[in-house]
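In what follows, a single structure is set out as structure tokens and then discussed.
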Amino acid sequence: MKDFFNFDFSNFKGDLFGGFTAGIVALPLALAFGVSSGLGPVAGLFGAIFVSFFAAMFGGTNTQISGPTAPMTAVSIVMIAGLVAANDGDLNRALPAILTVFILAGIFQILLGISGLGKYIKYIPYPVVSGFMTAIGVIILITQILPSVGYYPDEDLKYVNGFKPQAEELILENILREEAGEGVLVLEHFEGTIRRSKEVSQEKILKESKILANAEASGVIGALKLMPRAFNNINWLEFLLALGTIIIIYGFKKITTAIPSTLVALIVMSLVAVGFGFDYRPIDEIPSGLPIPHFEVFTQFNFESITPYIFTAFTLALLGAIDSLLTSVVADNMTKTKHNPNKELVGQGVGNSLAGLFGGIPGAGATIRTVVNINAGGRTRLSGMLAGVLLLIVLLALGPVASMIPAAVLAGILITVGIGVMDYKGLKAVPFTPRYEVVIMTIVLVLASVWNLVYAVGIGLTMASLGFMKKMGDLTTEHSDVKSLKEEKAWSDEKNFPENLKSEVFVKHIKGPLFFGSTSEFQELAKQIPEKASTVIIRMDRMQYVDQSGLYTLEDVLIDLVKKDVQILFVDVLKQPRYMLESIDIIPDLIPETQIFESFDESISWLKANLP
């Protein structure tokens, strides 16, 4: 614990400047991610404050700057929309469950760090990561087109009115469901049911219609369906504000990178909108005052409401871990240091858990913000903590001013984020990438974009794992053989094999692991052993690993050979396979110790002594 709080103030000036510079870069992105999540700009600020401060305090990368990121926000959007819809469109009712999922994601990250599993995250296949990151870009880009042209589905009354019949049906179903739950026999009290249905106000029907309209318009498919309506009802002021933001972000970078172009665009376009008195749509009001914990996540805890989202929480944890540890590697390369991956995961988990408790969206290590911090002089974890402090000062001092930022400006910022987050390196390499990996990347990209981010990753990982297993099985089969020594080119230590025994002694070389992906091929190869074989030598010096499936397959083959009175010799059994063979008594019940040799020469000596 002493290590956590033993701060290094020797580079305080550099850490101060680095942290404040990174905080300035983080500000517009935090507001934008908060708005796009559906929880409002203050949720983005709270996420940036708590994740940045506590991930730096408890983390294992000195220069890491953490906060809301595009991938974490994209996954959060799906979960938030689902829980809001399950609570009749009432965000306040859904909020405890939403924040509980965020806190759970942080706890999962802490457990990953404590258990030492951080080092295994690097084994997630690149095609899955590539397809996922490009899908994140597609989702953000397409879904932000509607607000960038000033179109909001729940404000299009003609569109909303089309959902009124469905809204009335749902309201009536809810009435019937409530009466059934109260034990009321609906047929016997039908007049009461009719009276309650007639008392449903047009205001309630309109509210339900707006919920349905927003649900229909959500996601990539919903946004694409509404593109024609959006462009027919374009708000030119909102469009020009978003377009001006995009132009400044890309254009200002060509002038200088010393000042964040995103911040310049935010300030310039906001001043233009306010200064000229334009009738624009501002973001939600940012409340003043210190963040207050949402204790209702405990007092109103309902396990059933979050059960469908436990896997989402775990996905957030893994995604945040990948994002953070990749950024840690970048930081190490720039500062010539070495991060502690498991400690970093603990820090990220603490930050995300506390952010969720105070109403903030989850985050991760952010590469651009970390690079800015290092270039500005940040060298210790004080820099990340100071970045969080700066954002807290902005919240307390400039909340009312920040509330005047145009929503279209943040939509423009997010469009550039969506464009930037896509994996262009992976896309450019498609012509030269193995076809199966391209298929995985494409499937993850499509499914994540139009269906479900979480399931897309799961399917991608499954496909990648199956592909890897098939490849390993094919390689094992390709290099494994069962041939008479007369027919096979002998290995260097097999050249002096007695000539009179070559026709009845066969050698089985197992090259590579024997696992469930190669068992069927192993069985086929075993069938090639001819009936005239009196002895089979199984050389295992290149079989580093055997799993349970491979073990039982090997046992079946050995039993069949023993039944045929074939003698079996093992040569150079490695440590793990031997342990497995002994665990089910293949050694010594089927293969006695006297028939196990450390070298091929020893097996030849045994053959000379025991075969006629």
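The numbers here are math on the coordinates, done by the rules we state, and not lab data. Note that this is a predicted model, so its numbers are computed, not measured. Heads up, the Cβs are rebuilt from the backbone with ideal geometry, glycines too, and the neighbour counts pull from every protein chain shown.
With the helix formula -39500 (n - 2.57) applied to DSSP H stretches of n ≥ 4, the chain reaches a computed 222 nm mean residue ellipticity of -21000 deg cm²/dmol.
Helix 164-181 and the longest principal axis of the C-alpha atoms of the chain enclose an angle of approximately 70°.
Just check region 284-351 against the gyration tensor rule for me: Cα atoms, a ≥ b ≥ c as the square roots of the eigenvalues, rounded for a/c under 1.5, and otherwise prolate or oblate depending on whether a/b exceeds b/c. Cα axes put region 284-351 in the oblate bin.
In this model, which of K119/K575; K502/K564; K253/K338; K254/K336; K527/K564 are farther than 22 Å apart at the alpha-carbon? Among K119/K575; K502/K564; K253/K338; K254/K336; K527/K564, the Cα-Cα distance tops 22 Å for K119/K575; K253/K338; K254/K336.
The angle separating the long axis of helix 91-114 from the principal Cα axis of greatest extent in the chain is about 30 degrees.
Which one of I140, P165, L241 is farthest out on the positive end of the charge dipole of the chain, using unit charges on Cβ (Lys, Arg +1; Asp, Glu -1) and the Cα centre as origin? Result: L241.
Based on Cα atoms of region 27-97, Rg over Rh with Rh as the Kirkwood radius reads 1.05. What separates the Cα centres of region 363-415 and region 556-612 is a distance of 66 Å. The chymotrypsin sites (Phe, Trp or Tyr not before Pro) of region 216-315 meeting both criteria, a DSSP state outside H, G, I, E and B (loop) and at most 11 other C-beta atoms within 10 angstrom of the site's C-beta, are F276, F295.
Between the DSSP loop rule and a limit of at most 13 other Cβ atoms within 10 Å, which trypsin sites (Lys or Arg not before Pro) in region 301-361 are left? Please list the in-between numbers first.
On the way: sites: K336, K338, K343; in loops: K336, K338.
Filter output for region 301-361: K336, K338.
Would region 200-330 count as rounded, prolate or oblate if I go by the C-alpha gyration tensor, calling it rounded below 1.5 in a/c and otherwise prolate when a/b exceeds b/c, oblate otherwise? Oblate is the answer for region 200-330, as a/c is 1.5 or above yet b/c matches or exceeds a/b. Summary value for the chain: 26 percent relative contact order, contacts being C-alpha pairs under 8 angstrom separated by 6+ residues.
Mind running the shape call on region 263-419? Use the C-alpha gyration tensor, a ≥ b ≥ c as the square roots of the eigenvalues: rounded below 1.5 for a/c, prolate if a/b tops b/c, oblate otherwise. Here region 263-419 falls in the oblate category. Expressed to the nearest 5 percent, the antiparallel share of DSSP beta bridges inside the chain is 35 percent. The angle separating the long axis of helix 70-86 from the principal Cα axis of greatest extent in the chain is about 70 degrees. Scan the chain and hand back the longest stretch that contains none of the GluC sites (Glu not before Pro) lying in DSSP loops with at most 16 other Cβ atoms within 10 Å. Longest gap between qualifying sites, sites excluded: 286-486.
Among the listed pairs K204/K225; K532/K563; K532/K608, those with a Cα-Cα distance over 21 Å are K204/K225.
In region 537-588, which trypsin sites (Lys or Arg not before Pro) are in a loop and have at most 12 other Cβ atoms within 10 Å, using DSSP for the loop call?
Details: sites: R539, R542, K563, K564, K575, R578; in loops: K564.
In loop regions of region 537-588 (DSSP not H, G, I, E or B), the sparsely surrounded trypsin sites (Lys or Arg not before Pro) are K564.
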